[in-house]
1. Starting at 0 and stepping by 10 Å, how many percent of the alpha carbon pairs of segment A:305-400 end up in each bin?
2. With a 1.4 Å probe on protein heavy atoms only, tell me which residues of segment B:200-229 lose at least 50 Å² of accessible surface in the complex relative to the chain by itself.
3. Starting from the 7 Å offset along Cα-to-Cβ, what nm value, one decimal, do you get for the label separation of residue A:609 and residue A:513?
4. Please give the contour-minus-distance gain from residue B:75 to residue B:137: 0.36 nm per residue of separation, less the Cα-Cα distance, rounded to one decimal in nm.
5. How large is ³J(HN,Hα), in whole Hz, for each residue of segment A:915-923 in order, when computed from phi with the Karplus curve 6.51 cos²θ - 1.76 cosθ + 1.60 and θ = phi - 60°, using x for Gly and Pro?
6. Length gain on complete extension for the stretch residue A:217 to residue A:814, per 0.36 nm per residue less the alpha carbon to alpha carbon distance?
7. Kindly provide log₁₀ I(q)/I(0) values, in the same order as q = 0.11, 0.15, 0.19 Å⁻¹, from the Debye equation applied to equal alpha-carbon scatterers of segment B:155-224.
8. Return the long-range amide H neighbours of residue A:820 (sequence gap of 5 or more, or a different chain), with a cut-off of under 5 Å between placed amide H atoms.
Amino acid sequence: MAVFPWHSRGRNYKAEFASCRLEAVPLEFGDYHPLKPITVTESKTKKVSRKGSTSSTSSSSSSSVVDPLSSVLDGTDPLSMFAATADPAATDSSRKRRDRDENSVVGSDFEPWASKRGEILTRYTTTEKLSINLFMGSEKGKGTATSAMSEKVRTRLEELDDFEEGSQKELLNLTQQDYVNRIEELNQSLKDAWASDQKVKALKIVIQCSKLLSDTSVIQFYPSKFVLITDILDTFGKLVHERISSLCVDHRSVLPDHFSPENVNDTAKETCLNWFFKIASIRELIPRFYVEASILKCNKFLSKTGISECLPRLTCMIRGIGDPLVSVYARAYLCRVGMEVAPHLKESLNKNFFDFLLTFKQIHGDTVQNQLVVQGVELPSYLPLYSPAMDWIFQCISYHAPEALLTEMMERCKKLGNNALLLNSVMSAFRAEFIATRSMDFIGMIKECDESGFPKHLLFRSLGLNLALADPPEGDRLQILNEAWKVITKLKNPQKREVNTVLADVIKHMTPDRAFEDSYPQLQSIIKKVIAHFHDFSVLFSVEKFLPFLDMFQKESVRVEVCKCIMEVFIKHQQEPTKDPVILNALLHVCKTMHDSVNALTLEDEKRMLAYLINGFIKMVSFGRDFEQQLSFYVEARSMFCNLEPVLVQLIHSVNRLAMETRKVMKGNHSRKTAAFVRACVAYCFITIPSLVGIFTRLNLYLHSGQVALANQCLSQADAFFKAAISLIPEVPKMINIDGKMRPSESFLLEFLCNFFSTLLIVPDHPEHGVLFLVRELLNVIQDYTWEDNSDDKIRIYTCVLHLLSAMSQETYLYHIDKVDSNDSLYGGDTKFLAENNKLCETVMAQILEHLKTLAKDEALKRQSSLGLSFFNSILAHGDLRNNRLNQLSVNLWHLAQRHGCADTRTMVKTLEYIKKRSKHPDMGHLTELALRLPLQTRT
Amino acid sequence: MGTSLDIKIKRANKVYHAGEVLSGVVVISGKDSIQHQGVSLTVEGSVNLQLSAKSVGVFEAFYNSVKPIQIINSTIEMVKPGKFPSGKTEIPFEFPLHVKGNKVLYETYHGVFVNIQPQKGKLTPSPVDFTITPETLQNVRERALLPKFLIRGHLNSTNCVITQPLTGELLVESSEAAIRSIELQLVRVETCGCAEGYARDATEIQNIQIADGDVCRSLSVPIYMVFPRLFTCPTLETTNFKVEFEVNVVVLLHPDHLITENFPLKLCRT
C-alpha cells in the first residue's frame, strides 16, 4: 500500500473562532431579553418598606451584668468534699468518745465553716462602690421620750451610748478591698476596746457591724459581707465567753470543759445575765439577733437548758426579718453557732429549714423584685446568692441525719414551686449516696424547674458533683448523662472553664483502676456532647482537659470512633480556614490516631471515610500568605498520613494549588525565591506520586502536576512529569478495579491520552533531545502497548495523535501558557521541524490504514466503516485537501465507509452537507470539487 | 494617795426582798494606816416625789404636800473609833430588811416622777387576741387613704411577771403596702395625784423591733420582749401615785403610715 503524505491544513484559529461565534447584536433599551431583570416601576412602593424596623433596637438590651456561669466553678471543691466524706470516722477506738462526737461535738466529717468562708469571699465580689454607715452616737433624734428622763439618768445613758463624740460615720465610695480593710479595722478596734476594758464600746461596735447586715445595697456582695461581719461577731462571742469563764475560776481552779451551771459563781452569772439584758434591749431586730446569737454559748453559764430554749426562740425571731436574703443568712449564722455550741439540737436546725421554706415565696414577691430592678440584678444572678447560706443550713441538717429526714425534706422541696434553689442546696449538702440513688428523681425535678429563675446548669453541676462521689444505679447512668447534657448544651455561652472542670472531674474519677474501660459509651457520649456544643475549635482545644480526656479512650476502635466524631464536627462547623497552632496540633493528633488505626484488615469504606475526614481537615488549614509554612505543613501531613492514598492525593492537589497560588500572587513573574519555592512544591509532588497505588491516579497526577510545573515555568520538571507519565503507561493493566468491579482500562487510557496530547501541544521541546521527543516516546509506548485484540482504541489514539501533530504544525498554536515558549515560537515554522512532523504523521497514517485493512472481515466491517469515516473526518478537519493524494485518500475512505452498507446514511448526508457548506468559505473552494466526488449510497 | 471605801453586797444581782438579810462587806483600803471616828452603816429607803422638767407648773401646786415617805431606816455601828492598818480591811456586815412601822416596802424604781421600791403580787394569765385592720383604728384622719391590711396576733398574757419576757405572736395576713418595721414599744404611765388633781405622763422606756422589712405574709412573727430591769417595776397603785405599763404594737408601713395598737400591761413579781 502506498504511503500517503500528510499535509496539515493551515489554520487561523482566531478567524475560525470568530466565525464560529454567534454574532453579537447590541440590545436596544426597550428590547426584550430573557436575562434582563424585570423592573416594575411603581412610585408608591417606597413608603411601605419603612414599617416594622422601628422597634428592633429594644431587644438586645437585656444582657446581664453578672455572668451567671461564672459562679459555676466555685463552690465546693469536689476533692475536699470527697475527702470529707471518705474520712473513716469509725476508727475511733473508744466507743464513749464516738458517742460524744456524735452528740456534742461535730466530727471531722463535717465540713467546717472556715473552709466555706474563703470560697464565699472569692466568689461573691463586686466592683460597685460600697458604704459603711455606722451610727456610733446615741440616737438622740429618735425617741422624744428620752428627753423626759431625768437629767441624771440621761447622762448616765449617754455615757453608755457615746464612746466617741458624735461618732456617726458614713464611709462612702469604698471599693471592695477598702470595705474589707475597714471591717478588719473594726474587728481590731473591737479587740482593743475589749482589752482596754471598754465593754460598752465593744458592744456598740458589734451592734453597728451587725446592723450592716440589714443593708442589702450592692446585693452581689452580701454573702461576702456576711462572712466579714460574722467574723467580728465570732470575735465578740469568744471575748465574752472568755471573760465570763475567767470570772468563774477563782484563780485556783480551772473551769472544766463540761461544767454545769451550778459550778458557776454568782458574779459570773450576773455578768452573763447583764450581757443578755443589754442585748435584749437592742432596739433593732437584726443586730439584736446577731449579737445574741454570737454569745449563744454563754447560755451555758446560766442554765443547762438555756441553749435549748434560746435556739428555738432565735429561730422564730428570724421570721421578723423581711428580706429573704438577709433572713436566710441569719439562719445560716444561727445554724453555724448552733452546730458549734449544741450540735445535738437538731430540732431548731430543721425548724430553720422549714421556716425558710415558708418564706421561700417571698423571693418572687414585689419587694424583692423591686429591689432587684433598682439594683439592676437579674434573678439568675440573684438566686445563687442564697446558695452559700442554704448550702450551709442543709449541710448542718443533713449531717448524720437519718434517711427519713432527708426524704421528708426532699418531699417538702418538691412541693414548692420553682424550687431550683432548694434543689441545688439539697444536692450540694446531702450525702452523695443519697442523691445518687435518686438521681433520676432529681433529674425529673430539675426538668420541672422554671428556667427563668435559677440557672439549670448549676443544678446539673451540683448533681454531677454528687454523682462523681457516689455511683448512681447502673441502669440509669446513661440516661442521666443524656438528660444533663441536653441542658448543658443549651447554654448560650459555652464556658470552657466549666467543661474543663467536668472533664477533669470525670478523668479523676475514671482513671483509678482503669475504670474508664467499663464506661466507654458514657465517655463517648460526653465527648459527643462537648463537641456538639463547641463549634469554635480553638476554644475546644484550649480546654486543658480535653486531650487528656481523649487519652482515656484506650481501646482503639472506640478511640477512632471518637476521633471521627470530632473530625465530622470540625468539617461541619469550621467556617474559615485556620492556622491556629492549638487546633492544628490537636487535630493532627486526632487525625494521626485515625490514620494509625488503618491496617490490612481495614475495610475500604472505612478507609474512605477516614480519608474524607482527614482531607476535610487538610483543606481547612491555611497559613494565608505564609506559603512556606503551608508547604511544611503538607510535608508533615504526608509523613503522618502515608497509608491513606486519598489523603496523599489531596496533599498533592493542595501543593499544586499552593504553587498556583504563589504564581497568582506573583502575577506570573516568579522571583528567585518564589521560583525556588515553586520548584519545591513541584518536587514534593514528584516524589509523592510514585508512592500511590492507583495507576490512573498516578497518571492523572503526573499530568496535572506537569501542567502546574509548566505553568510555573519549571520546564525540566514538567518534562520529568511527562516522561514519568509516559513510562508509566505500559504498566496500565488491561482490567482495572472500579468501585469493586473489574472494567477494561482502555477507555480510561484513551481519555487520559487525549488529555495528555492537548498538553503536549504546548510543551516545548528539550534543546538536547530530538524534535518532538515526548510525542515520539509516547508513540513508541502506544505502539508497544498490548491492546485488546478486537478494539480500535489504538487507532483512535493515532487519530488523536494526528490531530495533535497537525495542530503542532501550525504557525501559531491554539493556546499557550503565559511565559512559556511553545514549539511554534521555538521553531518559528522551521521547515525541518515541519518535515519531521509530517514524517511522524505519515507513520501514524500508515498505522491507521494498516489497521483499516485488517478490519476487512465480515464481523469487523461495521467497525471498519465507522473507523474509516472518523478518519475521513479527521482529514477533512485537519488535512489540506488541496493535496491530491490526501484528497484521493479521503475519497477512498468515503467509499470504504459506505462499501458494505454499514454506514449510517444520516451521518453521511450530514457530513456531505457540512462539506458543501464549508466549501462556500472563501479559501475552501476546493471542497466543492471534493463534494462532487463523494456519492451518497442509496439504500437498495 | 488617799483612802478608798467601798461597799460590796454579797448577792451578785443585788436584789433583796423584805424580810431577807442584806449582807456584804465594807472594804477600806489605803496605803497608810488611817485614824477614824468609827464606821457606821445606815440603810435608808424612801419614796420621793421628784419634779420633772416637763411638768413644771402642774406639780408645783401639790408638790410640797407630798413629802418624802420614809419606808426603811436603820443604822448599825460597825467599828468603834480607832485606826485601820495600812492595806485592805474588810468589815463584814449584815442586817435584816424590815419595813418601818406599817409601811409597805415597794420595789426600787426610778421613774420620772416616782422612785420606788418592792412589792408582791399574784399572777393570773390573761391572754389577749387582737386584730388590726384599717377599720379597727381610731384617730384616723382619712381612712380611705390607708392601704388595706390585716394583722392578727395575740399576747400570751397581759399580766406579766416582770422577770419573764412579754411573749406572743403577730401575723401579717395581708398588707397592700410593704411593711417597713414592726416594733414593740414599752410605755410607762405614771400618774401622780392628790385631792387637787393629778398629772399623767407616758414615757417610752424601751422599743424593740420584732420585724424588719417586708415580712412574709401569714407567717407568725414572735413577740418577745424582756422587761428592762432598771425601768420597770410591778404595776403600782397607791393613793398618791400610780405606775402602770403599756405596750404598743407599732406597725410602720411604706411609705409613711404608722399604726399603733395599745395594750395595758399588769406587771408583777412572783
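The values are calculated or read from the model by the stated rules, or taken from the named source; none is laboratory data. Bear in mind that the values here come from a model prediction, so they are computed numbers and not experimental data. Here the Cβ is made from the backbone with ideal geometry for all residues, glycine too, and neighbour counts use every protein chain on show. The area values use the complete protein model at the heavy-atom level, side chains included, leaving out ligands, DNA and RNA. Shrake-Rupley method; radii C 1.70, N 1.55, O 1.52, S 1.80 Å.
1. 16, 48, 26, 10, 1
2. Residues meeting the cut-off: B:208, B:209, B:212, B:214, B:216, B:219, B:222, B:224, B:226, B:229.
3. Placing both labels 7 Å along Cα→Cβ, they lie 3.3 nm apart.
4. On the way: separation 62, 0.36 × 62 = 22.32 nm, distance 5.60 nm.
Full-extension gain reported as 16.7 nm.
5. Karplus-based 3J(HN,Hα) across segment A:915-923 equals 4, 4, 5, 4, 5, 6, 5, x, 9 Hz.
6. On the way: separation 597, 0.36 × 597 = 214.92 nm, distance 8.49 nm.
Using 0.36 nm per residue and subtracting the Cα-Cα distance, I get 206.4 nm.
7. For segment B:155-224 at q = 0.11, 0.15, 0.19 Å⁻¹, log10 I(q)/I(0) is -0.42, -0.66, -0.87.
8. Placed amide hydrogens put nothing under 5 Å from residue A:820.
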